[in-house]
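Encoded as structure tokens, the structure appears first; notes follow it.
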Amino acid sequence: MSRLSSRHLLGLEETPQEDIQLILDTAETFREVIDRTIKRVPTLRGVTILNLFYEPSTRTRISFELAEKRLSADIVNFSTSTSSVKKGESLRDTVQNIEAMKIDMVVVRHGSTGAPYFLTQCMDANIINGGDGSHEHPTQALLDMYTIRHKYKKLKGLRVVLVGDIKHSRVIRSNIWGLKTMGASVALCGPATLLPYDVEQFGCDVYTDVDEALEGADVVNIMRIQLERQQGGLFPSQREYTNLFGITKERLKRLNRNYTIMHPGPINRGVEITSEVADGKNSVILDQVTNGQAVRMAVLYLLSGRKGEEE
């Protein structure tokens, strides 16, 4: 088995092309597994994995749990609402006490940027970033790339437009780094108030006019508008956002013929995307969910160092 260049998956900004290619190729094998009648393999039997989620999550947490179960791993789920965190215990003390229970791998989601990296400094376990602050969400981007590659048989040369809250989205950041590494052309589009001040650092085309951004695109990946941020006055109203940036059937005419519509969820229907588009024949939103399990199985398998047990 080829190995990843790192013991951890913290983000895609520094992840080499060879690692991304290996994860996507390995995911193809596990995609076949989850289509079987018996969706379980003994690959990670005897490996104990901690799901350390300090933030609410539905899709990511369930996807990781299913991936772990289908690899026959032993699973420990951590909930801050029933833990000593409520009593003021620090992250370092929490994880070191947990590691003393002989944990092999940790999937962590945390509201603070850099929390997964911090864990690598105080634990011997393999660390997988399940989303940290507004920094990165690497497995979401990997499943997005897998879904795109599965349809087009390539990533290089495709034009991918990421639309929405660029400023706060960790999914967008991971998509930018991953897609660019794999040779795709990436464009960003959103209201000026939802663009980071240093947006030029990403090296992407940047638009505040969605109609201009969509022209000639192959893939549109639409990010959730975090409605709680509306209270901060970052955009006037949901209706105005929909009028200016919502992906509607009319706007699809600007895309290339064999276009693809994506969304990491949860969807605000009628705000960033209409139901007609979300449920249309070119939407792969539900495929993303299914593919996420295969990609996360691949990441867990490759980081575990196990050999020849995926079949």
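Tabulated results
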{"read-out": "Selection status of Val186, under 14 Å from Val171 (Cβ atoms) and under 21 Å from the mean Cα position of the chain (by Cα)", "value": "yes"}
{"read-out": "Of the criteria (1) surrounded by 16 or more Cβ atoms within 10 Å (Cβ to Cβ); (2) at pLDDT 95 or above, which one Arg45 fails", "value": "(1)"}
{"read-out": "Count - residues of region 20-65 that are within 23 Å of Met101 (Cβ to Cβ) and hydrophobic (A, V, I, L, M, F, W, C)", "value": "7"}
{"read-out": "Residue that is at pLDDT below 95, surrounded by 14 or more Cβ atoms within 10 Å (Cβ to Cβ) and of a type in the set (S, T, N, Q), where the choices are Ser84, Ser2, Ser57", "value": "Ser57"}
{"read-out": "Qualifying residue in region 163-182 (condition: of a type in the set (Phe, Trp, Tyr) and either part of a helix (DSSP H, G or I) or crowded, with 18+ Cβ neighbours inside 10 Å (or both))", "value": "yes"}
{"read-out": "Scope region 109-130; condition within 18 Å of Gly305 (Cβ to Cβ) and in contact (Cβ under 8 Å) with a residue 60 or more places away in the chain; matching residues", "value": "Thr120, Ala125, Asn126, Ile127, Ile128"}
{"read-out": "Per-region count, region 5-22, residues in a loop (DSSP other than H, G, I, E, B), among the acidic types (Asp, Glu) and surrounded by 12 or more Cβ atoms within 10 Å (Cβ to Cβ)", "value": "1"}
{"read-out": "Residue in region 116-125 that is touching a Ser or Thr at 6+ places or on another chain (Cβ under 7 Å), closer than 26 Å to Gln293 by Cβ, surrounded by fewer than 24 Cβ atoms within 10 Å (Cβ to Cβ) and modelled with pLDDT under 95 present", "value": "no"}
{"read-out": "Candidate set: region 185-227, residues that are more than 25 Å from Gly133 (Cβ to Cβ) and hydrophobic (A, V, I, L, M, F, W, C); chosen: the one surrounded by the most Cβ atoms within 10 Å (Cβ to Cβ)", "value": "Val220"}
{"read-out": "Some residue of region 139-148 being within 23 Å of Val289 (Cβ to Cβ), surrounded by fewer than 22 Cβ atoms within 10 Å (Cβ to Cβ) and either of a type outside the set (A, V, I, L, M) or in contact with a Pro (Cβ under 9 Å, 6 or more places away or on another chain) (or both)", "value": "no"}
{"read-out": "Within region 195-311, helices (runs of 4 or more DSSP H) holding 1 or more residues that are within 20 Å of the chain's Cα centre (by Cα), at pLDDT 95 or above and not polar (S, T, N, Q)", "value": "275-278, 285-304"}
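The values are calculated or read from the model by the stated rules, or taken from the named source; none is laboratory data. Please read all numbers here as calculations on a predicted model, not as lab measurements. Virtual Cβ from ideal backbone geometry, glycine too; neighbours counted across all protein chains shown.
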